[in-house]
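Nothing in this text is a laboratory measurement; each read-out follows from the coordinates by a stated rule. The structure presented is a predicted model; accordingly, all values stated were derived computationally and were not measured. Backbone-built Cβ (ideal geometry, glycine too); neighbour counts: all protein chains shown.
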Amino acid sequence: MINKEMIESLKLGFSLVNELELLYLELETEGYESKKTKQFIDRAKKLLLKKKKAAVKTLHDAYTTCHDCGAEFGVYSVGCSSTWTGKCNVCGQEKRVTESRDYGYFVSGIARISRTLKLWNDK
Ligand SMILES: [Zn+2]
C-alpha cells in the first residue's frame with residue numbers, strides 16, 4: 001500500500017543516496033574510498049528501487065481507489081463515477097471508493113513516480 005508520505009520519503013531517500021555517491025566520488029579522488037561505504041550505498045540503492053517498484057506495481061494493479069488516492073496519483077477523467085464503500089487498493093483503507101479507471105488508471109502518477117525517481121539503470 002502507498003500514500004503521499006511514502007512517495008515523499010522515497011524521493012528524499014533517492015536524493016540522500018545521490019549526495020552520498022557524490023561524497024564517495026570525492027573520497028575516491030583523494031584515495032580515501034572504503035569498500036564498506038560503497039556496499040552501504042549499493043544496498044540503499046537496491047532498497048529504494050525495490051520500494052519504488054512496489055509503489056508503481058500497487059498503482060498499476062489497483063482496481064479500486066478512494067478519491068484521495070485518485071486525486072493524488074491520477075487524473076479524474078469521467079463525468080461521474082459509481083461510488084461504493086470498500087477497500088481502496090492504493091492506501092488500503094476502508095472508504096468510499098470507485099474504479100481506478102475513473103482516474104485514468106493512474107497513468108499520470110506512475111509516470112510522475114518513474115520520472116522523478118528515474119536513476120541508476122532502473123530497469
Ligand atoms: Zn486510498
Net dipole in debye of the chain [+1 Lys, Arg Cβ; -1 Asp, Glu Cβ; about Cα centre; nearest 20]: 420 debye
Starting from the Cα of MET1, step 7 Å along the direction of its Cβ; do the same at GLU21; then give the gap between the two resulting points in nm. 3.2 nm
Under the rule of -39500 (n - 2.57) per DSSP H run of 4 or more residues, summed and divided by the residues of the chain, what mean residue ellipticity at 222 nm is obtained, to the nearest 500 deg cm²/dmol? -19000 deg cm²/dmol
Taking the mean number of other Cβ atoms within 10 Å as a proxy for protection, how do you rank 101-110, 71-80 from highest to lowest? 101-110, 71-80
Tell me which cysteines of the chain come out unpaired when the rule is another cysteine's Cβ under 4.7 Å. CYS69, CYS80, CYS91
Burial-style ranking of 62-69, 90-97, average other-beta-carbon count within 10 Å with highest first, yields 62-69, 90-97
In the neighborhood of TYR63, defined by Cβ-to-Cβ distances under 9 Å, what is the net charge if each Lys or Arg adds +1 and each Asp or Glu adds -1? -1
Taking every other residue with Cβ under 14 Å from the Cβ of SER82 and scoring Lys and Arg +1, Asp and Glu -1, one gets 0
A chain fully extended from LYS87 to TYR63 at 0.36 nm per residue, minus the present Cα-Cα distance, gains in nm 7.6 nm
For the chain, what's the relative contact order in percent, using C-alpha pairs closer than 8 Å and at least 6 residues apart? 28 percent
What spacing in nm lies between the two simple spin-label points modelled at ARG96 and SER77, each 7 Å away from Cα in the Cβ direction? 2.3 nm
Along the Cα→Cβ direction, 7 angstrom out, place labels at SER114 and GLN39. What is the inter-label distance in nm? 3.5 nm
